[in-house]
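The values are calculated or read from the model by the stated rules, or taken from the named source; none is laboratory data. These numbers were taken from a predicted model, which means no experiment stands behind them. Cβ atoms come from the backbone with ideal geometry, glycine included; neighbour counts cover every protein chain shown.
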């Protein structure tokens, strides 16, 4: 029987934790079906090891952290941050094969990124750009939720924001989102969906933001610019500005957003298993930067919005498992998610082993 087709590439950087989650204790997490244990070394750098002792496979996360080394909680084997065993009980000679896998790690944009594939290909320059998350010109915060669904369903959800009209009607949704035209484009590793809604009533969330920051009430020009970077990062440029103030781009030049409020919804989704994922998100804004209370309110408000998504996505996953032969039908609104899936599939295909060469039988 053929093995199940992979659903995610391994040669990519995946967010494994928020930076504040990893400290001087052992943190276990499953990334791309691989069990890891992470910890912060005494020099502040993060280490990530396979979470299984070489000796009897007990999870190392059940052990203890001593200095920069992990001691197995079963028989006391000790491993350094490179995964090499440095001590075995009751013997002086160390078995040269005694080691566990160490994963490449990069800490950037407030996330700890892990490369679960070929370590020789782990180029730090390939970490997705999410600089708004720690840029001094932006303020914000976010959370991690673990969702019981295929990570690609989250990507689908983010690439098509028409669902806001029906899932988030009390906050950011409005009929204009579902009815406004959009433009979908793509590159070798990215796909973008751009939607402008001009001279409309602001939805409750954005009406409150522009009134708080600018003291403005009235019609707005609203934008949503969604950018996907394969395999699983989606940054969404969102906001509203006073209608007619020049925010929409014109003749290829960016518009004037000075009479508006601008945010970025930052999302990176890491497969846990084929049916679950770690969804890291944050909301960053470029207005009222010194208002910590607003930062907290926005984080909790956006968390409530994403809980609505979570319920939909988990219900969708259950339905998919109940209908394993069902084929999805795509609408015009699915253009962005279709391109995202094609880019993911391309990355997976690039990692597939070459097909075996069947020799030509020569005549005797």
Return only the number of the condition from (1) under 21 Å from the mean Cα position of the chain (by Cα); (2) buried (at least 23 other Cβ atoms within 10 Å of the Cβ) that residue 30 does not satisfy. (2)
Restricting to segment 168-186, what's the tally of residues that are surrounded by fewer than 17 Cβ atoms within 10 Å (Cβ to Cβ) and at pLDDT below 65? 4
Conditions (1) without any contact (Cβ under 8 Å) to a residue 60 or more places away in the chain; (2) within 30 Å of residue 301 (Cα to Cα); (3) buried (at least 17 other Cβ atoms within 10 Å of the Cβ); number of the one not met by residue 149: (1)
Taking residue 264, is it buried (at least 17 other Cβ atoms within 10 Å of the Cβ), within 29 Å of residue 33 (Cβ to Cβ) and either under 24 Å from the mean Cα position of the chain (by Cα) or assigned by TED's automatic domain parsing to the domain that holds residue 112 (or both)? no
Whether any residue in segment 26-37 is outside the structural domain of residue 279 (by TED's automatic domain parsing), farther than 27 Å from residue 149 by Cβ and either out of contact with any helix residue (DSSP H, G or I) (no Cβ under 7 Å at 6 or more places or on another chain) or modelled with pLDDT of 95 or more (or both) is what I want to check. yes
Quick check, is residue 309 more than 27 Å from residue 143 (Cβ to Cβ) and either touching a strand residue (DSSP E or B) at 6+ places or on another chain (Cβ under 9 Å) or outside any loop (DSSP other than H, G, I, E, B) (or both)? no
The strands (runs of 3 or more DSSP E) lying wholly within segment 173-272 that contain at least 3 residues that are within 30 Å of residue 111 (Cα to Cα) and in contact with a helix residue (DSSP H, G or I) (Cβ under 8 Å, 6 or more places away or on another chain) are 190-200, 220-229, 233-242
Test for residue 242: is it touching a residue at least 24 places away in the same chain (Cβ under 8 Å) and under 23 Å from residue 345 (Cα atoms): no
Looking at segment 315-341, which of the residues that are free of Cβ contacts under 8 Å to residues at least 60 places away in the same chain and within 22 Å of the chain's Cα centre (by Cα) is surrounded by the most Cβ atoms within 10 Å (Cβ to Cβ)? 338
Picking from 10, 36, which residue would you name as being in contact (Cβ under 8 Å) with a residue 40 or more places away in the chain and outside any loop (DSSP other than H, G, I, E, B)? 36
I'd like to know if segment 291-299 contains one or more residues that are in a strand (DSSP E or B) and modelled with pLDDT under 95. no
